[in-house]
Amino acid sequence: MLERLQKIISAAGITSRRASEALILNGQVAVNGIIVTELGSKADPSKDTITVDGKALKFNVQRLYILLNKPPGYITALKDGQGRPLVTDLLKGVADRVYPVGRLDYNTEGLLLLTNDGEWANRLMHPRHEIEKEYHVRVRGKVVDQQLMRMAEGVELEDGMTAPAVVNLVKSGEQNDWISVAIHEGRNRQVRRMCEAVSLSVVRLKRIRYGSLALGTLRAGQFRYLTEAEVRELSGEPAKTVHAAKPQREVRQTAPRPARPENQTRPVRSGGKFSGRR
Ligand code: URA
């Protein structure tokens, strides 16, 4: 059956549909040996030989769904011109190529999903699903309620107002406060820019939850496979057979950062919780 090339590429688990379009436009995709650069182009995966960077697509590969606790200092990309460490460098022993669902900044840490199931990744990233992501942010000095309230209600960024968020003060220290910020948008550097907009200086940023999935006790640099139930629950739709979920294995990598603020957090002020949502 003829299908759009970007759909075929993402179904083969190479990358998301949007990133597949970039591969096509960059001239990295060929059908039966002929480079195709037009986005509307179609092919028949059962008859045509489709290659990305000269490598033929494989179908019916085992679907992998991974939760990684990304340490700071790793880039959420499959290659980097500056030779910086890649998040995929941490996935020792993973049987197939997986790619990140969305991104975290180089210095942001915490929960990152990776998969080779393009359709699942597309569903998660689609704005229609509005999956809530929660971050813990260590900010320099003391926050005041008005700053949290402004972030909760929405702040003006260069790409428009942010949607209402849930913002909490979770811990107050000598030098720094920790706040939690839950958003369902996925704009570039959104939490950092929201903090900047209310004059908060970010010292550390960690994603601790993605929808129903919490980072839990996974240490920095470790990863685990999602269970089939987690895969289904996140996307809200039936997943393809998940072969990788059974082991529930945690592969230990080096743990560059010891602190785990989500385990230490406790409300310190009764007035520190703000929700801009109605
Ligand atoms: N918001 C940010 O500012 N950075 C991230 O990496 C994720 C969310």
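Read-outs throughout are calculated quantities, based only on the coordinates presented, and are distinct from any laboratory measurement. Everything numeric in this text was worked out from a predicted model, so none of it was measured. Virtual Cβ from ideal backbone geometry, glycine too; neighbours counted across all protein chains shown.
Here are the numbers for this structure:
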{"quantity": "When residues of segment 214-227 are limited to those that are closer than 23 Å to His129 by Cα and buried (at least 17 other Cβ atoms within 10 Å of the Cβ), the one nearest to the ligand (Cβ to nearest atom)", "calculated": "Leu215"}
{"quantity": "Residue selected from segment 61-85 under the condition touching an Asp or Glu at 6+ places or on another chain (Cβ under 7 Å) and within 15 Å of the ligand (Cβ to nearest atom), by the criterion nearest to Ile8 (Cα to Cα)", "calculated": "Lys70"}
{"quantity": "Asn32 in contact with a strand residue (DSSP E or B) (Cβ under 9 Å, 6 or more places away or on another chain), away from the ligand (no atom under 16 Å from the Cβ) and not small (Gly, Ala, Ser)", "calculated": "yes"}
{"quantity": "Residues within segment 1-27 that are in a loop (DSSP other than H, G, I, E, B) and crowded, with 19+ Cβ neighbours inside 10 Å, tallied", "calculated": "5"}
{"quantity": "Qualifying residue in segment 48-56 (condition: under 15 Å from Arg97 (Cβ atoms) and within 21 Å of the chain's Cα centre (by Cα))", "calculated": "no"}
{"quantity": "Count - residues of segment 203-213 that are within 12 Å of the ligand (Cβ to nearest atom) and of a type in the set (Ser, Thr, Tyr)", "calculated": "1"}
{"quantity": "Helices (runs of 4 or more DSSP H) contained in segment 86-202 and holding at least 1 residues away from the ligand (no atom under 16 Å from the Cβ) and surrounded by fewer than 20 Cβ atoms within 10 Å (Cβ to Cβ)", "calculated": "118-125, 145-153"}
{"quantity": "In segment 57-71, the residues that are within 14 Å of the chain's Cα centre (by Cα) and in a loop (DSSP other than H, G, I, E, B)", "calculated": "Pro71"}
